[in-house]
Amino acid sequence: MKLLKNEVQHLVMEALETLGGDSSLVEKMLQASREITQGDLTLPCFPFAKALGMAPVAIAENLKDAMKPHDAVSDVTAVNGYLNIRASPSWLAKQLLAGRSRHAADEIRTDVLIEHTSANPNGPFHVGRARNAILGDTLVRLHRLWGNRVTAEYYVDDMGKQVAVLAWALENMSKQEVEELLSDRDPVNSQWMNKADHQRVRFYQAAQRRRQEGSDAEEIEKAIGSLVHASEHGDESVLEAFERAYQPVLDGMLETLGRLGVHFDRFTKESTFVVNGDVADLMEELSGLGINGVAENGAQYLDLGQRGLKGKTEFFYRRGDGSSLYATRDIAYHRWKWRQCDRLVNVLGEDHKLQAQQVGLTLVELGERKPEVMFYSFIKLPEGKMSTRRGNVVFMDDLLEEAHAHAKEVLKERRPELSASEVANIAEAVGTSAVRFNIVNVSPEKGFTFRWEDALSFEAGSAPFIMYSHTRACSIRRRVQEIDPHAEPSSSVDMLDEDQMPEGLVALLRTLAVHDDRLSKAVREHRPNLFAEYMLHLSTAYNMFYRDCYIVQNGQINTFFYTVSELARAALKGGMEGLGIVALESM
RNA sequence: GGGCGUGUAGCACAGCUGGAUAAUGCACCGGCCUCCUAAGCCGGAGAUCGCGGGUUCGAAUCCUGCCACGCCCGCCA
């Protein structure tokens, strides 16, 4: 609790100095209490024992007695060698009501560029890719909640083999031929028949099959090879043909993502840096580096082993034919990105770890900084790995439909009086929010197994749980305004005496007070799950407050409670937006 | 074979820059709707923190060995 720490750290330091202890350690050691029931800040006294020649238990006791009283502190205790400091709830309330709980502006807000998703535009968005989009978009939103200026960027892979296969198939195969080749597979869900990503992926899949099994596989390979070659040398007519092939697919994917609340500020095409010459310039510059090496056929690489890379140390950036590689273009892209931000973050699957290291080391070699990377591990199905080729994928479009349908069922049972359009609206919000939360709630580097029952769970620990708390706060506001249309939250209200404050109120005040502590950590360490956890705590705290503190009773409005409720409502709403959960006012 | 990551109640997940009785949810058991929405609240039970060593006053947390799982080790993207 930084709010409290700012206030009392010097008191703890002074108390420690009276015992002759090294107060410079206090800054680091005075930390949020692990046992929330014990207090808000805790100083473990063990590290001071040796220097003071005193038992930790005695140090804690002495510190307790030496601490000067302060408005912000309601209680200081010494337990088992820990000095526990509890914030005064009424002091907390005053700070919160006066808007002083936000971290000070000394924690700089910056320009951040976050690249995420960047999936190849060759087919519908599936759940396996969802982690990138949802984590990335959440990170974007959390940075914005914190106050940073953010550009969310999608790097479009508009050249190379995958797009070439798609373009070739659309040019050279008929719809009928495609369906014949794929006759052993499930047909396109009729609901998505007219969605270009679902339509065109069939061409891609059929072409893949012909490339592998067809009698003319060799010729096809040749044709595709020449397209790839042309695109890599910046042939604009080929690149334009590619774009005509993938753009409708990308649009379909973005429609799906939009339904999840995932949006981008900018799309940057990979070919940009080939066409504008940046890649050629870059390769020229790389070839002049001391760690440059040349293979027999003229291909070039950097020996990153000399810069500490383990395992395979040769990093190839130029083929024997002189063309660039994906990673080379990525480096050109990164230099371009660095010219427009202070902080650069990439969201990447764990399969990109080596490549990210190569790109990072090369950037350093060129005098640039490494980007920050949020890695996540893949989503798998209970049956095993997801694979487009084997056809065991869950499309995001289908998941969202399921989630919507499930929410609708729940809703019909709970709120039979709602109209069809209200039901549709709420079900969509609940369904998409639940899907997002299910993914964002787990730590990115942990493996994730997609289970329908988890994705569609609406109970405690889910997005609807948070949404529900928020609607309660909204409902209360509506009631207050019905009673008195001019009712306003007020920062100058009579508060309850500290000893009369109910448990739920105190819990809520304490939770609101640590909002920025948790947000700043989530943003700094790119760990959205930490903030998701906070939002669950906040919702629980609001529910306790709701239980203990009647804002409207016998037609009378309790302005203090109402003010606290409104603070919580704002925090809930802001936090929900930060997580991409739809903040409904009624559900 | 080498590199990186993960391993915490039946399941899922937090805590990991060393500190108290390892937090939370699901499932399980028991209570709460004449009272601001019960998608809620209260209580109960459930954990050799993968296994073995080491460092330390103190280890889920740090070091080391082993085991299991994932990812990578293309002049692919």
The whole-number value in µm²/s of the Stokes-Einstein translational diffusion coefficient for region A:111-385, with Rh from the Kirkwood sum over alpha carbon pairs at 37 °C and 0.692 mPa s, is 163 µm²/s
With 0.36 nm assigned to each residue of separation and the Cα-Cα distance removed, A:E14 to A:E219 gains 65.6 nm
Among beta bridges assigned by DSSP with both residues in chain A, the antiparallel ones amount in percent, to the nearest 5, to 55 percent
Nearest 10, in degrees from 0 to 90: the angle of helix A:56-66 to the longest Cα principal axis of chain A is 60 degrees
Between the Cα axis of helix A:528-548 and the main Cα principal axis of chain A, the angle (0 to 90°, nearest 10) is 40 degrees
As straight-line cross-link partners of A:K380, the qualifying lysines (C-alpha separation under 19 Å, not fewer than 8 residues apart within one chain) are A:K353, A:K446
Filtering trypsin sites (Lys or Arg not before Pro) in region A:1-66 by DSSP loop and by at most 12 other Cβ atoms within 10 Å leaves A:R34
In whole angstrom, the spacing between the Cα centers of region A:481-557 and region A:321-381 equals 41 Å
Here the gain from full extension of A:E383 to A:S226, 0.36 nm per residue of separation minus their alpha-carbon distance, amounts to 52.7 nm
Rounded to whole angstroms and listed largest first, the alpha-carbon spread of region A:258-301 along its three principal axes comes to 51, 21, 20
Summing -39500 (n - 2.57) over every DSSP H run of at least 4 in chain A, dividing by its residue total and rounding to the nearest 500, the 222 nm mean residue ellipticity is -17000 deg cm²/dmol
Note on region A:299-447: the mean projected area of its alpha-carbon convex hull, in nm², is 13.9 nm²
Length gained if A:D71 through A:A58 is fully extended, taking 0.36 nm per residue and subtracting the Cα-Cα distance, is 2.1 nm
Computed about the Cα centre, the charge dipole of region A:396-579 from +1 Lys/Arg and -1 Asp/Glu charges at the Cβ has a magnitude in debye, to the nearest 20, of 140 debye
When the charge dipole of region A:396-579 is computed with +1 at the Cβ of Lys and Arg and -1 at the Cβ of Asp and Glu, the Cα pointing farthest to the positive end, of A:G504, A:L579, A:I557, is that of A:L579
Unit-weight point scatterers at every alpha-carbon of chain A, Debye formula, q = 0.07, 0.10, 0.12 1/Å: log10 I(q)/I(0) is -0.56, -0.99, -1.22
In this structure, among A:K412/A:K573; A:K161/A:K195; A:K5/A:K337, pairs with alpha-carbon gaps over 28 Å are A:K5/A:K337
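Values in this text are rule-based calculations from the coordinates and carry no lab data. In this text the structure is predicted, and so the values were computed from the model without any measurement. A quick note on method: Cβ atoms are made from the backbone with ideal geometry, for glycine too, and the neighbour counts reach across all protein chains shown.
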